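Take a look at the structure set out below.
The values are calculated or read from the model by the stated rules, or taken from the named source; none is laboratory data. Here the structure is a predicted model, which means the values were calculated and not measured. No Cβ is skipped: glycine too gets one built from the backbone with ideal geometry, and neighbour counts run over all protein chains shown.
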Amino acid sequence: MEHTTRGVRFNWAWGMIVALLVAAVLSGAAFAQDDSVTDRPDQRPATDAQADPLAYRLEIYVVSFITRDDGTREERYTESTEARPGQMVEYRIFVENVSETTLPAGLVQIRLPIPEGTEYVPNSATPSSDRLLTEFSADRGRTFAEPPVLIGNGDMRTIADPTSYDEIRWTFFIELEPGQEEALAYRVIVR
């Protein structure tokens, strides 16, 4: 992100960095298998030299709240490359299996950072379910856990405040079929 006098401008190169980070994690995790699984070349796992089996799309929205005449609040989303301090931003990540191979359950992981100059909005990430495990890090990705996230060592361990999370990791418990797309999301507040 680059800071401007009017707020924070989202550097679209950051989106590319996120895609590369995701690709690196997925390429290593999804195909860390033994090539002897099958003798058929069309069913062999990909190697680092082969193309990434996943395609990624990142959408960034500023979230605003509108109060209706009856007092109810409604969320509005504006696609944007800029936000001011105090504004909420939602990141939507779409991951699609673009290979001709089913990606095994439990091996596809998505890791995304909480951008500098922002803080994670508690309970805003796509939650854990029977399809997906959602974990957080507060130590620059050295360790991940479902909340509560502990930081420190031994007797000095404390529970990290969700606003101090700096990475999110999702692990798919489902197979990703060719052409299947999955959506993930999380929110941050611009400081």
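Scanning the range 82-139 for residues being farther than 12 Å from GLU167 by Cβ, under 11 Å from the mean Cα position of the chain (by Cα) and crowded, with 18+ Cβ neighbours inside 10 Å gives a total of 4.
Taking the criterion of being loosely packed, with under 15 Cβ neighbours inside 10 Å and among the aromatic types (Phe, Trp, Tyr), no residue of the range 140-152 qualifies.
Being more than 14 Å from LEU54 (Cβ to Cβ) and either β-branched (Val, Ile, Thr) or in contact with a Leu (Cβ under 8 Å, 6 or more places away or on another chain) (or both) is the filter here, so list the residues in the range 95-130 that pass it. Lay out the reasoning, then the answer.
In the first step, residues of the range 95-130 are kept if they are more than 14 Å from LEU54 (Cβ to Cβ); the result is 105-106, 113-130.
Those that are more than 14 Å from LEU54 (Cβ to Cβ) and either β-branched (Val, Ile, Thr) or in contact with a Leu (Cβ under 8 Å, 6 or more places away or on another chain) (or both): PRO113, ILE114, THR118, VAL121, ALA125, THR126.
A Cβ distance below 6 Å, combined with a sequence gap of six or more or placement on separate chains, defines the contacts here; from the range 77-91, residues that are at negative phi reach residues that are surrounded by 13 or more Cβ atoms within 10 Å (Cβ to Cβ) and among the aromatic types (Phe, Trp, Tyr) in the pairs TYR77/TYR61; GLU79/TYR61; THR81/PHE10; GLU90/TYR61; TYR91/TYR186.
Name the residue, out of ALA160, ALA185, ALA145, ALA105, that is among the small types (Gly, Ala, Ser) and within 27 Å of SER64 (Cα to Cα). Walk me through it before giving the result.
Numbers: ALA160 fails: within 27 Å of SER64 (Cα to Cα); ALA145 fails: within 27 Å of SER64 (Cα to Cα); ALA105 fails: within 27 Å of SER64 (Cα to Cα).
Within the list ALA160, ALA185, ALA145, ALA105, the selection yields ALA185.
Applying the selection to the range 25-73, what residues are loosely packed, with under 14 Cβ neighbours inside 10 Å, at pLDDT 50 or above and not in a loop (DSSP other than H, G, I, E, B)? Show your work before the answer.
Initially, the range 25-73 is screened for residues loosely packed, with under 14 Cβ neighbours inside 10 Å, giving 28, 32-43, 47-51, 57, 64-73.
In the following step, the residues that additionally are at pLDDT 50 or above were identified as 50-51, 57, 64-73.
Within the range 25-73, ARG57, SER64, PHE65, ILE66, THR67, ARG73 qualify.
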